[in-house]
Each structure stands twice: as C-alpha cells, then as structure tokens.
Amino acid sequence: MDRAEFAAAYPFGLDPFQAEALDALDRGESVLVAAPTGSGKTVVAEYAVAKALAEGGKAFYTTPLKALSNQKYGDLVRRHGPGRVGLLTGDNSISGEASVVVMTTEVLRNMLYAASPTLDGLRYVVLDEVHYLGNAYRGSVWEEVIIHSPPDVGLVALSATVSNAEELADWIATVRGPTAAVIEEKRPVVLNQLYLVGDRESERLHLLPTFVDERPNPEAVRLDASSVRGGRAGGDRWRSRPRGRLHTPTRADVVERLDDEAMLPAIYFIFSRQACDDAVRQCLDFGLRLTSPEEREAIGAIAEAKADMLSDDDLAVLGYGSWLAGLQAGFAAHHAGMVPPFKEAVEAAFSAGLVKVVFATETLALGINMPARSVVIEKLSKFTGERHEFLTPGEYTQLTGRAGRRGIDPEGNAVVLWSPFVPFDQVAGLASTRTYTLTSSFRPTYNMAANLVRRYPPEAAHHLLNLSFAQYRADRDVVRLEAELERSERSLAGFRRDAECELGDVATYRDLVRAAAGEARPAPLAKAGTLDEVRLGDVVVVEGGKSGGPAVVVSVSHRKGGDVRLGAVGADRRYLTLSARDFPVPPAVVGRVSLPTPYAPRNPGFQRKVADALVRARLRPARRPVTAARNRDRRRGRAGPEAGPAGPVNHPVHTCPDRRRHVRALERAERMEKDIRRLERTIAGRTESIARQFDRVLRVMGAFGYVDEWSLTAGGELLTRIYHECDLLVAEAVRAGLFDGLDPAAVAALASAFTYETRGPAASAARPAPWFPSARVKRRWAELEKLARDLNQAEDEAGLPLTRPPDPGFFAAAYGWAAGEGLAEVIADEEITGGDFVRNVKQLIDLLRQLGDVAPEPATAKAAREAADRLFRGVVSASSVVGP
C-alpha cells in the first residue's frame, strides 16, 4: 500500500499521531487511537480498510449506532465504490459479503458466536467509539468482540480522549498481542472556554473568558458573587440563589449575541426533547431569521428530498409544516423523538452551513459528523429519569468536542450559560478537568453463557471471561496469567503434534530408551493426586466396574463439598459418570485425545467421534515399577527386559529418522503440561468475580432447563440465537408456546412487551390498564408476567441483576401498525413521538425476525416473519433508507 498516495487524498496531510498509528499498522500491530473529537482518528481506520483491500482481504467497520453505520457506509462508498462496500444493521442488509462491511458492533458479535463464514478473509476490524464499552447497557459487546475476534485479525480501536487510554491499550495487548497506544491530546482547532451571563443592569449579555492566564477569570468570579445574598448552601445539594441582578440568558438572546460575534453556526445543547422544540419556536416568535432567500430555497430542497417517501398524511401528523418553517429560518431541533428523515435533513442542512443553530440533546455528541464554530451548554446538569446529575468531565469534553471546524474556523468556542444552581468555580473546574476514566460494564448474559457452553469446554469459557477488561481492571494479573495460559496451550498443541510418529508411540519408545540407559522409569504421563487434576481429553483407565478399560474425559464438574464428577466416553460409546469411588487409587492418565468441535459432550454424534478417536489412539501399556533387582542386573551387565526383544532398538519408532525431534517435542510437551497446571492453580486462587457471576448465570439456566451440566439442551440451543436484553425471558416465552396460535398482528403486540419500556414521568406514574386485542392475548400476557416473576425470583436468589419486566405499553400501537392502520390512527391516543414510535417498531422488527428464525413451531415462525414484514412500511421503511 502506497502511504504517500493515501496521504495525498487528505487536504491537511497526516498529523504526527496519524503517521505514528499508520506505522504501527504497517508493523502488523493492532492500534488504539485516543484523540479529541474532530482530530482525524478515522484516517487511521480508513488506512486499515485500504490496506486490507490492497492485500486482498476484508475489513469490518463497526460503530455503536445505526446512524453512525449509515453515515460511515456513505463515506466508504464514496471512497471505494458501491461494489466493494456493504452494510449490515438491524434495518439494512446491503452486500453483506463485500470486502468492506460497515455494521453495528452487535452484528459482529453475533457473527463471532455463530462462527459465520463471512469472517473468512477478515484482515482488520475497526472499533469506532470504543470508549462505548463503558456503556451500562451495551458496553460488554465491545469486550466480547475484542476477546473473540480471530487472533490473526488486527484491531483498530478509536476512542475519545480518556485518561486511562494506556490501560485500555495494555489490556488489548495482553488479550490479543502487540498493540500500539497512540494518544493525541491536542485539538486541531484551539477551543475557547467562555461564560455567558445575563445581567439586568446591562443591556448586553456578559461574554467572558472562563480562564485568564490559565486561571479562573477573576471578573467572572466577582460577577457571579454579586448575585449571592448571604451564605451559599454547602454540601452536595443543588444550590439555589435568590433572584438578583444576574439571570440565565434566554435562548433567543444567546443566538442573537452569537450572531453578532460571528460565532455561528452553533450546536446548542439542551437536555430535554421538549425544550429543544420549544427553543425553535421561541426563536421564531422572537423574530429571528438567520438565512437568506437562497439558503431557504436550498433548505427546502433538502427537506423535500429527505421527506419524499413519507405520505402527506404522515407529514401532517409529524408536524412537517412547523418543522420546515423553523428549518428555513435557520433553526432546528435534533433529538431521538424526531423521525430519522427529519434528523437527516437537519444534519445535511447544518453540515452544508445552511442551518445556523441546532438545539440538540446529548445524543448528537455520539459521533455524528456535525462540527460547529461554537457549542453552547445551557445547563451543566441533566435529569436522568430519577434525579438531576452534574455532567462528568467526559460528558463535557464529548459535548464541547464539536466546537471548531478544521480548515474553516481558526478557533472553536465552548459557551456555558450562567445558572443560579451552579457557581462559577464549578464551571471553571469542569472546563479545566481532563480526567475521564474508562470503566468496564462487562457482565455475563444468558445468551453469552449459552454460546460459551456451546463453543468451549468449561475451563476455556472461564478463561475467556477472565480476559475481560473488567477483570483486568480488578486484577490485571489474572488477565496476564490467562493470556500466558492461552499461549502455553497453543505451544503445547504444537509440541504434541511434533511428538506424534506414524510408526508407533513415542512416549513408550522414550521410556525404553531411558530404561536401557539405566535411568529410573518415569512416572505415567499424569498421576492425578485427586480428580481435580484430570483434564478434558485425558484418557483414564477405569478398573472393572462401569467400564473396565480406558475412557476419554469429556466433562469435569465440581460439586458442593469439593466432590468432583467426571463425564467420560469409552470405546463402546457409552457415557460414564465417574467419581472418586470409581478409582481405588488415583487415576493414571495413559494418553490424550483431542475433543471434536463443537463441544457437546451429551450429543451422541460428539460421543461417537470421541469413541472413534479413542480406538485409534496409541495408549501406553501398563508398566510395573523398576525393582532394585532389575537395577542390580543392569549394573552387573545382564540384560534386563528393556534390552531384549522389547528394547528400544526393536521398537518401530527407532527406525524413524525424526525420532530425536519427536522425543524432544514430547519432553517439551510434558514440561509445558506442568507449567499449564501451575498456571491453572494460580489463576484459580485469584479473585474471579466475573467467572463466579458466570457460574451463577449457569445455575439459573440449569434450573430453567437450558443446560445439563456442561451441555446445552434444546432450549439452550435456541437461546444461543436470541440476542436481546431479555434473552432468557424471550426464550422462556417461546418454549412455553406463548406466541403459538396467534395471528401476525397479535404476535407483534405480545413481542412488543420485550422491546418497549415506559420512560420519563410515565414510568413512575400510575399506568392505565393495558389494552389487549383479544382474550387469548390477555391470557398469554398473564402467563408472560408469571414467567417474568419466576425468573426474577431465581435471579434474586442467585444474586444476579434482575431481567427487566415486560411492558404492555406498546401493545395497541404495535397491533394497530401491524394490522395496517395509518400513523395518525396509531399514535393519536399514544403519548409517543414519531421518532420514538419508529425506534420502537424497528427494535420490534429485529426481535420478530429472530423469533422467525428460532421458533420451533413452523406456523409461529411464519407469523413472526409476516409480522415483521407488515411493520416495515410507511414512516418506518422511509426511516431505514440508506444512501451513499
């Protein structure tokens, strides 16, 4: 790949941090790039994509949000052409087998668990906004992708500025190998921190720098203090100051002052959807108009193109007229309550410099490419649904990161408004703080547990969990030891391969050579002091009783009181459950067998393959210890039995030209096995909070019939294909037949209980009685509530987080939309915005498609698929259109 040619495509050339990251990729390393918003991190990702294409491989570009995926898809199509770029989200599937595929991170996680053939040829994975792994609800997906991605795939992780970026890079290096941490703290455009104060004794707003000579501005300190009468409340309570000369500037006054100072365009953050809409109306009522006739015409064309797929009736319901009036005046709201075509029109008009002010909630800060000259923060606190919380330094940095357009603005501006609740010293403190520690939200889910049981033996599953960033931060030595264990096991597998000889058993030959040389006979391959030391794949001899011969260990389970049970398969294909009572003396391990994949010890096909491997295995014969008499015979020159017909010269391996290499490999393998057992004992003695939580998850799954020891039941297999926050509850509903016998619209209504969650004030208020389309659905809802209560009780007893209870609040809307009603009819009686309706229907469609894939009853699967198809129409389908 020609670096110079690649760099020439960028108007600013390569910054030093970008060149450093590209050097790391050229060395074959993974890379973590932590840099401010707008600094050009994506250049590194685009180089990895171009490098993969030049090498004939694939690149996956993952993002946390569908909107980001759609935006990046358009960028890459323009760069590489539509024939080479695909898109996979819950809404769209475009050229999924292309060389470059943009997707949400969940899509890649699901591919990894399913071992999808689409992964073949994958060279790089880009993890955009990787700091999202701290997200409480979805963050663990990033860790799953990092841990489970094939070892030969390079990672390009892009992060906002975090104070522990080196720690994150060290963790990735520990898990995956060499990883360069490239950290850039300098913004490409200088950021001015400003404080805007309303003063009843002044005709103009006070626009003051927050810092003077890198210290809080003394003028701002004096001005803020002038509004205080008496003392100020102490502690952490919100401080309210009496009405005085200072006031929070009105939104119209702020916009007018920014316009006068040539500080537009601006993003004005208000942490309320309704307040964002109100702000547009207030500016219009104030008489502000920021656009020229030519700009208004261009805005109208953009709006018309984006809304083209919506019907006139839908546009009327969505308030198209008033929305367009504000847009053409240069103002717009941007929040999750808006339908995607409206938001996309706002983004396009703002990026083109036509719309001058966007009143937005914090969702706009999550990666959408909309830089501005200025960013305004109305309040430094936001309501979380339960209480007001002060912005964190990370949130403040994320919001203000939009200020300053590279190549356009000589500097950007971050403006904080005066508030009676927040003294100036707190404003200055927040603006000066650059510490944002990234934490992990990783926790085992039921779906994750089912997939781990399906794909790995027990020790491998616990090992993977111990590799999590959460475990690394809690006890990084465990992750280091787990990584060392993984490398040792890979080395052991190589030594074992080298120790195999087609002519005979190398271990027997090596022992004969040692005996002939007068050495003491070595102990068997393993002499387990307890059953704890027996490992999967070991061949043990069961004296009489259940087997009367060798058997391969296929499962090891630890019971209460330290009791250990082994699951084993003999040559006759019988499955044996063994305990210490079956071994009068500690079991001798006489060989090893590689277990087939996928790992399913209770599956008859799996057991058949194990038995066949046991029959083909060359096992060590039983040996008696070397006696003193036999040693005396050697010293006197008399040949013992080893030097006779059974001696090493007569062993078939002796004729192999590679016998020395085989023996050396065998001895290295034995030493490596000792090292591995030492590592396993060390790891077991360390704190394993994640692994313990995983075991509790497995106990709940076992109680509900999803696992049997370390084997999935039919329900467990179903669970591996359900990716949802209520995964086990959804699986329980399917197994209980709650969706069986329902028409598509009723299936959609009942399924919406898993995807809809009442938020805001309505969540704590008394809810109206739910509406049911039929008596049958009402009965099914009652059964679902009981399943949820039973599951929550089991989770509470196990000390696990409780699965969110189902919510019937979207029944009527889901049923009506699936039954063909219009948008006006569906949301007329619902307290829901157009954007919320679309988002909930999209989530419902995704779940219904999963139900269509997993429902064991064909009629139910068909009804779920038909329900998804019925829902995907009108404003929902128009909100899923993607273009380059």
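The values are calculated or read from the model by the stated rules, or taken from the named source; none is laboratory data. Source: prediction; values computed, not measured. Don't worry about glycine lacking a Cβ; one is built from the backbone with ideal geometry, like all the others, and counts go over all protein chains shown. Quick note on the areas: whole protein, heavy atoms, side chains included, nothing else; ligands and nucleic acids left out. Shrake-Rupley method; radii C 1.70, N 1.55, O 1.52, S 1.80 Å.
Couple of notes before you dig in:
- Screening residue 573 with (1) in contact with a helix residue (DSSP H, G or I) (Cβ under 6 Å, 6 or more places away or on another chain); (2) modelled with pLDDT under 70; (3) of a type outside the set (S, T, N, Q) gives one miss only, at (2).
- Number of residues in region 70-97 that are farther than 22 Å from residue 840 by Cα and open to solvent by less than 10 Å² (accessible area, probe 1.4 Å): the value is 4.
- Candidate set from region 430-450 (those that are open to solvent by 10 Å² or more (accessible area, probe 1.4 Å) and modelled with pLDDT of 90 or more); member that is nearest to the chain's Cα centre (by Cα): 445
Listed here are the residues, each with its yes/no results for (1) surrounded by 14 or more Cβ atoms within 10 Å (Cβ to Cβ); (2) at pLDDT 95 or above.
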| site | (1), (2) |
| --- | --- |
| 292 | no, yes |
| 297 | no, yes |
| 302 | yes, yes |
| 309 | yes, no |
| 318 | yes, no |
| 324 | yes, yes |
| 328 | yes, yes |
| 335 | yes, no |
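- Hits in region 390-443 (condition: of a type in the set (D, E, K, R) and more than 19 Å from residue 209 (Cα to Cα)): 395, 405, 406, 443
- Residue count, region 98-119 (criterion: outside any loop (DSSP other than H, G, I, E, B), among the polar types (S, T, N, Q) and open to solvent by 20 Å² or more (accessible area, probe 1.4 Å)): 1
- Among residues of region 100-110 being in contact with a helix residue (DSSP H, G or I) (Cβ under 6 Å, 6 or more places away or on another chain) and aliphatic (A, V, I, L, M), the one that is nearest to residue 445 (Cα to Cα) is 108.
- Residue among 738, 728 that is open to solvent by less than 40 Å² (accessible area, probe 1.4 Å) and assigned to a helix (DSSP H, G or I): 728
- Region 850-871, subset within 26 Å of the chain's Cα centre (by Cα) and within 21 Å of residue 714 (Cβ to Cβ), residue surrounded by the fewest Cβ atoms within 10 Å (Cβ to Cβ): 853
- Identity of the residue in region 459-510, part of a helix (DSSP H, G or I) and acidic (Asp, Glu), that ends up surrounded by the fewest Cβ atoms within 10 Å (Cβ to Cβ): 477
- Residues that are in contact with a Leu (Cβ under 7 Å, 6 or more places away or on another chain), farther than 20 Å from residue 786 by Cβ and hydrophobic (A, V, I, L, M, F, W, C), drawn from region 692-730: 694, 697, 707
- Scan of region 574-598 for residues that are under 15 Å from residue 538 (Cβ atoms) and surrounded by 17 or more Cβ atoms within 10 Å (Cβ to Cβ), ordered by number: 576, 578, 582, 583, 587, 588, 589, 590, 591, 592, 593, 595
- Tallying residues that are more than 20 Å from residue 54 (Cβ to Cβ) and either not small (Gly, Ala, Ser) or not in a loop (DSSP other than H, G, I, E, B) (or both) within region 64-97 yields 17.
- Test: residue in region 150-167 that is over 30 Å from residue 433 (Cα atoms), touching a Phe, Trp or Tyr at 6+ places or on another chain (Cβ under 9 Å), not in a loop (DSSP other than H, G, I, E, B) and not acidic (Asp, Glu): yes
- Scanning region 714-725 for residues that are surrounded by fewer than 24 Cβ atoms within 10 Å (Cβ to Cβ), in contact (Cβ under 8 Å) with a residue 40 or more places away in the chain, touching a helix residue (DSSP H, G or I) at 6+ places or on another chain (Cβ under 7 Å) and not in a loop (DSSP other than H, G, I, E, B) returns 716, 718.
- The number of residues in region 125-137 that are open to solvent by 10 Å² or more (accessible area, probe 1.4 Å) and either modelled with pLDDT of 90 or more or more than 19 Å from residue 472 (Cα to Cα) (or both) comes to 3.
- Unmet requirement for residue 822, which otherwise passes all of (1) among the small types (Gly, Ala, Ser); (2) over 30 Å from residue 87 (Cα atoms); (3) surrounded by fewer than 19 Cβ atoms within 10 Å (Cβ to Cβ); (4) modelled with pLDDT of 90 or more: (2)
- Index of the failed condition, residue 73 passing every other in (1) over 27 Å from residue 173 (Cβ atoms); (2) modelled with pLDDT of 95 or more: (2)
- Each residue in region 282-302 was checked for being more than 12 Å from residue 354 (Cα to Cα) and assigned to a helix (DSSP H, G or I), and 4 pass.
- Of the residues making up region 261-288, just one is surrounded by 17 or more Cβ atoms within 10 Å (Cβ to Cβ) and out of contact with any strand residue (DSSP E or B) (no Cβ under 9 Å at 6 or more places or on another chain), namely 282.
- Among residues that are within 30 Å of residue 424 (Cβ to Cβ) and either surrounded by 20 or more Cβ atoms within 10 Å (Cβ to Cβ) or modelled with pLDDT under 90 (or both), residue 179 is not included.
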